[in-house]
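Colleague: Would you mind keeping the following structure in view while I ask a few things?
The values are calculated or read from the model by the stated rules, or taken from the named source; none is laboratory data. These figures come from a predicted structure and were not determined experimentally. Positions of Cβ are generated from backbone atoms using ideal geometry, with glycine treated the same way; all protein chains shown enter the neighbour counts. Calculation scope for accessible area: heavy atoms of the full protein, side chains included, ligands and nucleic acids excluded. Shrake-Rupley method; radii C 1.70, N 1.55, O 1.52, S 1.80 Å.
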Amino acid sequence: MSKNTTKKPVIAVVGAGPGIGEAVAHRFATEGFVVALLARTEDKLQTMVQTIDSDVGAGTAHYYITDLRIEDSVISAFQRIRSELGPVNVLVYNAGARRVNGRSLIDTTSEEFENFTKINLFGAFWSSKLVIPEMLAAGKGTILFTSATGALRGMPGLASFSPGKFGLRSLCQIITREYQSKGIHAVNIIVDGPVDGKLIGGVVKRKWERAGEAEKAADVESYLVQPRDLAHTYWFLHTQPRSTWTQELDVRAMKETLFTKL
Ligand SMILES: NC(=O)c1ccc[n+]([C@@H]2O[C@H](COP(=O)([O-])OP(=O)(O)OC[C@H]3O[C@@H](n4cnc5c(N)ncnc54)[C@H](OP(=O)(O)O)[C@@H]3O)[C@@H](O)[C@H]2O)c1
């Protein structure tokens, strides 16, 4: 049964957590989209749905429990989205996995390499394969990949992270070359610095605390990428006129704190 009776455009946020994922979903919801949130943890998904529905309107957000490391899980989530909400107009592949404290290559297990590469790259490949046919049928669509500094530079300790993000960058370029002329706008968004969230942002803030740098915490927006500000960038990219499509873009906070200094 359709849960999108007013036929709003559909955004799928794949890898939806309380940081970038929720902020982008919320922004597109306020612009008239119905939102599909995909992740593994049901209680976090329920909280995001409640927030978006209470801010924007009941029935705006829906969740789909998915493990992006498993192709069948991704296929069944997109089948449900298609039958409950309709074809996906905007795909945001936001999932990413890395160690906060990296390990050298020889200490990286095959299991970790495979696990993280599935999340950083395979999930994006499967998700893109599933939405591109319906975007081609519609003659338009937007695909936004959340990327990171590790997509451009191989840095010590990131053996299980960077290769996936490098691959994601190349996947985005391939989608552009194969499908841009048919109306699909794909963008790789390099978030070149820590995001103000629990994990990496939390590490940075604890480091400030230990160093007695309270002035940084008081001026956090100059140091850490704010998800709600980044969500404007995603909306801007989606609404770019077709004579000026961006294929790759990077962002960082004004007084960036480099990962290498963590
Ligand atoms: N945070 C940073 O400092 C930073 C910096 C640069 C770039 N980035 C990029 O930003 C993206 C993440 O944004 P964010 O940090 O703000 O996170 P977020 O949007 O708050 O959450 C991302 C969500 O992805 C989900 N996810 C992870 N593995 C998954 C899997 N196997 N299957 C399904 N869902 C999965 C997780 O939910 P479940 O655990 O519930 O599945 C997680 O909550 C990543 O691509 C990352 O590389 C982040």
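Colleague: Could you give the accessible area per residue of the chain, probe 1.4 Å, as a whole number in Å²?
Modeller: Accessible surface, normalised per residue, equals 48 Å².
Colleague: Roughly speaking, to the nearest percent, how much of segment 3-158's 1.4 Å accessible area is carbon and sulfur?
Modeller: Summing carbon and sulfur atoms, their accessible area is 53 percent of the total for segment 3-158.
Colleague: In terms of the Cα gyration tensor, with a ≥ b ≥ c the square roots of its eigenvalues, is segment 107-262 rounded because a/c is under 1.5, prolate because a/b exceeds b/c, or oblate?
Modeller: Oblate, since a/c reaches 1.5 and b/c is not below a/b.
Colleague: Determine, for each peptide in 91-100, 134-143, 244-253, the mean count of other beta carbons within 10 angstrom over its residues, then list the peptides with the highest first. It would help to have the intermediate numbers written out before the result.
Modeller: Details: 91-100: 22.4, 134-143: 17.4, 244-253: 14.8.
Packing order, densest peptide first, comes out as 91-100, 134-143, 244-253.
Colleague: Just to verify a number: FRET efficiency for Ala58 and Thr239, C-beta to C-beta distance, R0 = 30 Å, to 0.05?
Modeller: Efficiency for this residue pair is about 0.70.
Colleague: Is it possible to state the helix-based mean residue ellipticity at 222 nm for the chain, with each DSSP H run of 4+ residues giving -39500 (n - 2.57), the sum divided by total residues, to the nearest 500 deg cm²/dmol? What is it? Walk me through the numbers on the way to the answer.
Modeller: Details: 10 runs with 114 residues, N = 262.
Per the formula, -13500 deg cm²/dmol.
Colleague: Could I ask something else about it? Return one number: the angle in degrees, 0 to 90 and rounded to the nearest 10, between the long axis of the Cα atoms of helix 200-210 and the longest principal axis of the Cα atoms of the chain.
Modeller: Here the helix axis deviates by roughly 30 degrees.
Colleague: Put Ile81, Ile200 in order of accessible area, largest first, 1.4 Å probe: what do you get?
Modeller: The ranking, largest first, comes out as Ile200, Ile81.
Colleague: Roughly what angle does helix 123-138 make with the longest principal axis of the chain, taking Cα atoms, 0 to 90 degrees, to the nearest 10?
Modeller: Between helix and principal axis, roughly 30 degrees.
Colleague: Give, in nm to one decimal, the length gained when the segment between Met254 and Lys129 is fully stretched (0.36 nm per residue of separation minus the Cα-Cα distance).
Modeller: So the extension gain works out to 41.4 nm.
Colleague: A follow-up question, please. For Ser222 and Glu31 in the same chain, what is the full-extension length gain: residue separation times 0.36 nm, less their Cα-Cα distance, in nm?
Modeller: So the extension gain works out to 66.1 nm.
Colleague: Say the cut-off is 27 Å between C-alpha atoms; which of Lys3/Lys198; Lys140/Lys165; Lys8/Lys198; Lys8/Lys44; Lys165/Lys255 go over it?
Modeller: Lys3/Lys198; Lys8/Lys198
Colleague: Let me ask you something else. Output the peptides 201-208, 175-182 sorted from most to least packed, where packing is the average of other Cβ atoms within 10 Å over each peptide's residues. Please list the in-between numbers first.
Modeller: Numbers: 201-208: 16.1, 175-182: 14.5.
Ranking the peptides 201-208, 175-182 by packing returns 201-208, 175-182.
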